[in-house]
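Encoded as structure tokens, the structure appears first; notes follow it.
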Amino acid sequence: MSGPAAQSFVRQALIPERSAPVKVTGLIGFLRARLLNSPTNILLTVASILLLWFTIVPAVKFLLVDAVSPVTLSPDWKLVWNGKDRAVCLAKDAEHTVGACWPFVAAKFSQYIYGFYPEAERWRVNLTFFLAAILLLPLLIPPLPAKTLNAGLFFIAFPVLAFFLLRGGGLNGFGVGWTSDLLSGFVGGIDEIGQKLVRTGEGAAGIGSLLQWLGKLVVLLGTGVSGLIWPLTWLNRAIQTSAQPVWFDFATTAIAVSMALFVLSGGVRTGWRSLIVSLLTFAGIGLVIALMGLDRGGLPVVDTGLWGGFLVTLVVSVTGIVASMPIGIALALGRRSTIPLIRFFSIGFIEIWRGVPLITVLFFATYMLPLFLPGNFKIDGLVRALIGIALFSGAYMAEVIRGGLLAIPRGQSEAASAIGLSWWKTTALIVMPQALRHVIPGLVNSFIGLFKDTSLVSIVALFDLLGQVRASFADPVWAAPTTLFTGFAFAGMIYFVFCFGMSRYSLFVENRLNAHRG
Amino acid sequence: MTIDPIVGIVGLNKWYGDFHVLRDIDVDVAKGERIVICGPSGSGKSTFIRCINALEEFQEGRIVVDGIELGPQLRRVDEVRREVGMVFQSFNLFPHLTVLENCTLAPIWVRHVPKKDAEAAAMKYLERVKIPHQANKYPSQLSGGQQQRVAIARALTMSPKVMLFDEPTSALDPEMVKEVLDTMVDLAGEGMTMLVVTHEMGFAREVANRIVFMDAGQIIETNTPANFFANPQHARTKLFLSQILR
């Protein structure tokens, strides 16, 4: 095999594998190879060290070294809370510099968490936090079983429970009562429209008689519908006049819904499972009603105006995140729909909500929406903000999810159709799971943005964590030079812990779900 | 050949905008018959078999599959698709599901088979395509040939009466073509009705009952393999064969 004449070559033995050449490793190697290997890199290294020196050192000095500790250890080994007022955080002489005033945060801590929630009722907030934690944690840890039950409890049962826990109040009726009230309201609306038409028509000639005629027709329609729902209203009245209206209504609803489910899922042949699930669900609901005394007025009502601090931040952000996902999925699918009406609605909805600042949305929801709604139709201020935020972030989610949908090759849905899956099943089982996996980073980005944007609710008179922190600066008892910085630093740390947690968890989920790409 | 047609296609016409892709296609397929469709690229052969399970809509004509009629309105799509299995050039396995889940998805969600039974059946089909030991892997962990065999198993789990193959070996490395073709030969041996779009003339010669040659959206020649290769009638067929058989 020497010389240009060697044209053919046949390998006699395969070359065995060898280990990679020994690299220059260790700290010295890292310094030489990465930090100091060229004049530019030496310059960059020096600049980075200076940058770190001028940022990290003062921050540590302010937050830890010079800071006033919230607690001190007394000689007999007991922790003692430091300071009742600003005195501890004032400089004693000219040489002495004072850093972060942690006793201020310690003193205001409960206000930061609960806002103006009455102190005697704060156990309800704690219990809600606790329930959220014990329901959410098993949901986040993949190997734990019963994910469907867990998700049902967290996403459906928990919000209802949290509402009655945090806000208080009880029930007047149940399924029958609600349905009957809703339908009666509907019939009342029809009647009202009809009578308005008749009245408008009375004044004018020509078209007036037509309006009158139309109005009478509408009234007739209303009467017809009220006749149709008469058995329901009668049942409702009978229940309301009984000794235990809530429990009678509850039992009626439980029986009706369970029987309907039993029949719908195949009756005697295959319906037993759904019958049992339904009965167990109602048993659980009944237990909660009994435990919390919802039939006897429930817990004392704490108006949402009194809620505040971290409680509001969590309520707004969790509701926003949980509600915006289905809205986003629906809008993303709608935008790709072949039905023009749905597509144009989705595009319009997304563009309008994305084109408007969140502050405008919150102002609109809080101050202008009540002007448009009928007088007897009141929505709580917090709920208005929640709806605004959910719709706003839903529009953002929609575009993130649409990005994921675009990444799914057409062959995937074709293959799903070819094995007989319907559009809904194709979307739910094939397209959406893959699309969502592609956009986890984008979704979590939106979640984190939403979590921090909740601080904007403070401009519509809802005091979230940041709002409470800023409100606490006004307290003259704690007016010291560094309270402002300490408060913001504390708020920043809380936000960071939660956002960083979300970010890390999303990385974990990404790695887990992308196992199939390995 | 048309004693017991399981697929009947009459006067099929399709346009993409103004472009007339399929022109007056008439084909009857008897039960158990294996038809190979070949032709130059762009001749409409893929579009044609995709019409049979309504992955493509068509503007004129009638397709009857096992007595279920599919007109231009595609009313009975779902019924037809349950009877027709399809294997694609690019496999189109679901990458987020394991091989076994790929094969149990349709039985569970379309036929409402209990999960255990569906898994047992899927394992049976995976054994038939000779990859039962890969059942719990993800598609991306398999070779192209293995993926295509999983795709065949996935189509079989719905116990289709007709199988459509859209260039099943075109995306494969030469070394893997044989394992897929062998699977298809086995399937043919079991009496499955098959419509295969392919350039594998060896397969056509060995397995097909009839070869349909298409060009410019129309059927140019239909013949038995022996006649098709030895004695092609149409000039276009002769040209095509001279191009591919060197």
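The values are calculated or read from the model by the stated rules, or taken from the named source; none is laboratory data. Keep in mind that what you see is a predicted model, and the values were worked out from it rather than measured. Here Cβ is always computed from backbone atoms with ideal geometry, including for glycine, and neighbour counts include all displayed protein chains. Areas reflect the complete protein model, heavy atoms only, side chains present, ligands, DNA and RNA absent. Shrake-Rupley method; radii C 1.70, N 1.55, O 1.52, S 1.80 Å.
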Q. According to the Cα gyration tensor, what semi-axes, each the square root of 5 times an eigenvalue, does the equivalent ellipsoid of the stretch A:246-355 have, listed from largest to smallest in whole Å?
A. 35, 29, 11
**Q.** chain B: antiparallel DSSP beta bridges as a percent of all, rounded to 5
**A.** 55 percent
Q. Amide H neighbours of A:ASP464 under 5 Å, counting only residues 5+ apart in sequence or on other chains, H built in-plane at 1.01 Å?
A. A:GLY309, A:SER458
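Only helical DSSP H runs with n ≥ 4 go in: add -39500 (n - 2.57) per run for chain B, normalise by residue count and round the 222 nm mean residue ellipticity to 500 deg cm²/dmol.
The helix contribution divided over chain B gives -11000 deg cm²/dmol.
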Q: With viscosity set to 1.567 mPa s and temperature to 4 °C, compute the Stokes-Einstein D of the stretch B:152-204, Rh being the Kirkwood radius across alpha carbon pairs; µm²/s, no decimals.
A: 112 µm²/s
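Using the Kirkwood radius over Cα pairs, work out the Stokes-Einstein diffusion coefficient for chain B at 10 °C and 1.306 mPa s, in µm²/s as a whole number. Intermediate results must be reported in sequence, preceding the final value.
On the way: Rh = 18.5 Å.
D = 86 µm²/s.
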**Q.** Cysteines (scope chain A) whose Cβ has no counterpart Cys Cβ under 4.7 Å
**A.** A:CYS499
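Between A:TRP423 and A:LYS147, what is the FRET efficiency for a Förster distance of 25 Å, r being their Cβ-Cβ separation, to the nearest 0.05? Each step should come with its number before you reach the end.
On the way: r = 26 Å, r/R0 = 1.02.
FRET efficiency, A:TRP423 to A:LYS147: 0.45.
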**Q.** Potential lengthening between A:ILE342 and A:THR72 on full extension [0.36 nm per residue; Cα-Cα distance subtracted]
**A.** 90.8 nm
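Two-decimal Rg/Rh of the stretch A:188-249 from alpha-carbon positions, Kirkwood Rh? Let's see the in-between values first.
Numbers: Rg = 17.3 Å, Rh = 13.4 Å.
Rg divided by Rh gives 1.30.
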Q: Extending each Cα 7 Å along its Cβ direction at A:VAL383 and A:VAL509, get the distance between those two points in nm, one decimal.
A: 2.8 nm
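Rounded to the nearest 5, what is the percent of antiparallel bridges among the DSSP beta bridges in the protein assembly as shown? Don't jump to the answer; show the numbers that get you there.
On the way: 26 of 46 bridges.
Antiparallel bridges make up about 55 percent of those DSSP assigns within the protein assembly as shown.
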Q) Hey, could you pull the Cα Rg and Dmax for the stretch B:1-116, both in Å? A) 16.0, 50
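Per DSSP H run of n ≥ 4, the term is -39500 (n - 2.57); total these for chain A, divide by its residue number, and report the mean residue ellipticity at 222 nm rounded to 500 deg cm²/dmol. Display every interim value, and only then the final one.
Numbers: 22 runs with 329 residues, N = 518.
Per the formula, -21000 deg cm²/dmol.
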Q | Rotationally averaged projected area of the stretch A:339-390 (alpha carbon convex hull; nm²) | A | 4.3 nm²
Q: Under 29 Å between C-alpha atoms is the cut-off here; go through chain A and count lysine pairs that meet it, provided they're at least eight residues apart or on different chains.
A: 16
Q: Taking chain B as the reference, fit the longest principal axis to its C-alpha atoms, fit the long axis of helix B:144-156 to the helix C-alpha atoms, and give the angle between the two in degrees, 0 to 90, nearest 10.
A: 90 degrees
Q) Any idea which of B:GLY32, B:LEU22, B:VAL180 is furthest toward the positive side of the dipole for chain B, if Lys and Arg beta-carbons carry +1 and Asp and Glu beta-carbons -1? A) B:VAL180
**Q.** FRET efficiency for A:LEU369 and A:LEU31, using Cβ-Cβ distance with R0 set to 51 Å, rounded to 0.05
**A.** 0.25
Q: Send over a whole-number figure in Å² for the accessible area per residue of the stretch A:66-195, probe 1.4 Å.
A: 58 Å²
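Taking only C-alpha pairs under 8 Å that are 6+ residues apart, what is the relative contact order of chain B in percent? Intermediate results must be reported in sequence, preceding the final value.
Working: 456 pairs, mean separation 61.6, N = 246.
RCO, chain B: 25 percent.
Could you calculate the FRET efficiency of A:TRP234 with A:MET259 from 1/(1 + (r/R0)^6), where r is the beta carbon distance between them and R0 is 30 Å, rounded to 0.05? Each step should come with its number before you reach the end.
On the way: r = 20 Å, r/R0 = 0.65.
So the FRET efficiency works out to roughly 0.95.
What's the Kirkwood radius of the stretch B:76-132 in Å, using all Cα pairs? Could the numbers behind the result be given before it?
Values: mean 1/r = 0.0808 Å⁻¹.
After inverting the mean inverse Cα-Cα distance, the result is 12.4 Å.
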Q. Top mean-square fluctuation among B:CYS51, B:CYS38, B:CYS103, Gaussian network model of chain B, C-alpha springs under 10 Å?
A. B:CYS51
**Q.** Solvent-accessible ranking of A:LEU507, A:LEU291, B:LEU156, largest area first, probe 1.4 Å
**A.** A:LEU291, A:LEU507, B:LEU156
Q: Take the alpha carbon atoms of the stretch A:136-152, find their center, do the same for the stretch B:20-47, and report the distance between the two centers in whole angstrom.
A: 51 Å
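So what's the stretch A:410-450 giving for Cα Rg divided by 2.2 N^0.38 Å, two decimals? Write down the numbers at each step before the final one.
Working: Rg = 13.2 Å, N = 41, 2.2 N^0.38 = 9.0 Å.
In units of the 2.2 N^0.38 Å rule of thumb, it is 1.46.
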Q: Treating the Cα atoms of chain A as identical point scatterers in vacuum, please give the log10 of the normalised Debye intensity I(q)/I(0) at q = 0.05 Å⁻¹, two decimals.
A: -0.35
Q) Got a sec? Which residues in the stretch A:403-432 would a label at A:GLU351 touch, if it sits 7 Å along Cα→Cβ and we count backbone N under 16 Å? A) none
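Taking 8 Å as the Cα distance limit and 6 or more residues as the minimum spacing, I'd like the relative contact order of chain A as a percentage. Write out the running numbers ahead of the final one.
Values: 513 pairs, mean separation 81.7, N = 518.
Relative CO of chain A lands at 16 percent.
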Q) Ordering A:ASP453, A:ASP295, A:ASP464 from largest to smallest accessible area (1.4 angstrom probe), what's the sequence? A) A:ASP453, A:ASP295, A:ASP464
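Could you give the dipole magnitude of the protein assembly as shown about its Cα centre, charging the beta-carbon of Lys and Arg +1 and that of Asp and Glu -1, in debye to the nearest 20? Could you put the intermediate results ahead of the total?
Numbers: 64 positive and 53 negative charges, 197 e Å.
Its charge dipole is roughly 940 debye.
To the nearest 20 debye, what is the magnitude of the charge dipole of chain B about its Cα centre, counting +1 on the Cβ of each Lys and Arg and -1 on the Cβ of each Asp and Glu?
On the way: 27 positive and 30 negative charges, 56 e Å.
In total the dipole reaches around 280 debye.
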Q) How long, wide and thick is the stretch B:113-172, going by the Cα atoms along their three principal axes, in whole angstroms, largest first? A) 35, 29, 15
**Q.** Solvent-accessible area buried by pairing A with B, both sides, nearest 100 square angstrom, 1.4 angstrom probe
**A.** 1900 Å²
Q) With a sphere of radius 13 Å drawn around the Cβ of A:SER317, what net charge do the other residues whose Cβ falls strictly inside it have (Lys, Arg +1; Asp, Glu -1)? A) -1
Q) Taking only Cα atoms, what is the 0 to 90° angle, nearest 10, from helix A:102-114's long axis to the longest principal axis of chain A? A) 30 degrees
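Kirkwood Rh, the stretch A:304-395, all Cα pairs: how many Å? Intermediate values should be presented prior to the final figure.
Details: mean 1/r = 0.0699 Å⁻¹.
Across the stretch A:304-395, the inverse of the average 1/r is 14.3 Å.
In the stretch A:360-444, which trypsin sites (Lys or Arg not before Pro) are in a loop and have at most 16 other Cβ atoms within 10 Å, using DSSP for the loop call? If you can, show how the numbers build up before the last one.
Numbers: sites: A:LYS378, A:ARG384, A:ARG402, A:ARG410, A:LYS425, A:ARG437; in loops: A:LYS378.
Passing both the DSSP loop test and the Cβ count: A:LYS378.
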Q) In straight Cα distance, which lysines are under 29 Å from B:LYS178, not counting same-chain residues fewer than 8 positions off? A) B:LYS31, B:LYS45, B:LYS124, B:LYS130, B:LYS137, B:LYS161, B:LYS238
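Across every pair of different alpha-carbon atoms, what Kirkwood hydrodynamic radius in Å does the stretch A:145-260 reach?
It works out to 17.5 Å.
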Q) Helix A:245-264 versus the longest principal axis of chain A: what is the Cα-based angle in degrees, 0 to 90, to the nearest 10? A) 80 degrees
(Q) Let me see the P(r) profile for the stretch A:49-131: every Cα-Cα distance counted, bins of 10 Å, each bin given as a percent of all pairs. (A) 15, 29, 30, 20, 6, 0
Q. When chain B is treated as a GNM, springs tying every alpha-carbon pair under 10 Å, which of B:GLN218, B:GLN59, B:GLN146 comes out with the largest mean-square fluctuation?
A. B:GLN59
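Given 25 °C and 0.890 mPa s, compute D for the stretch A:313-460 with the Stokes-Einstein relation, Rh being the Kirkwood radius over Cα pairs; round to the nearest whole µm²/s.
Working: Rh = 16.5 Å.
It diffuses with D of about 149 µm²/s by this estimate.
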Q. For the stretch A:313-469, what relative contact order do you get, as a whole percent, if you take Cα pairs closer than 8 Å and at least 6 residues apart?
A. 32 percent
(Q) Can you give me the % of accessible surface on the stretch A:472-518 that is carbon or sulfur? Probe 1.4 Å, all protein chains present, nothing else counted. (A) 74 percent
Q) Cα centroid distance between the stretch A:418-458 and the stretch B:198-246, in Å? A) 49 Å
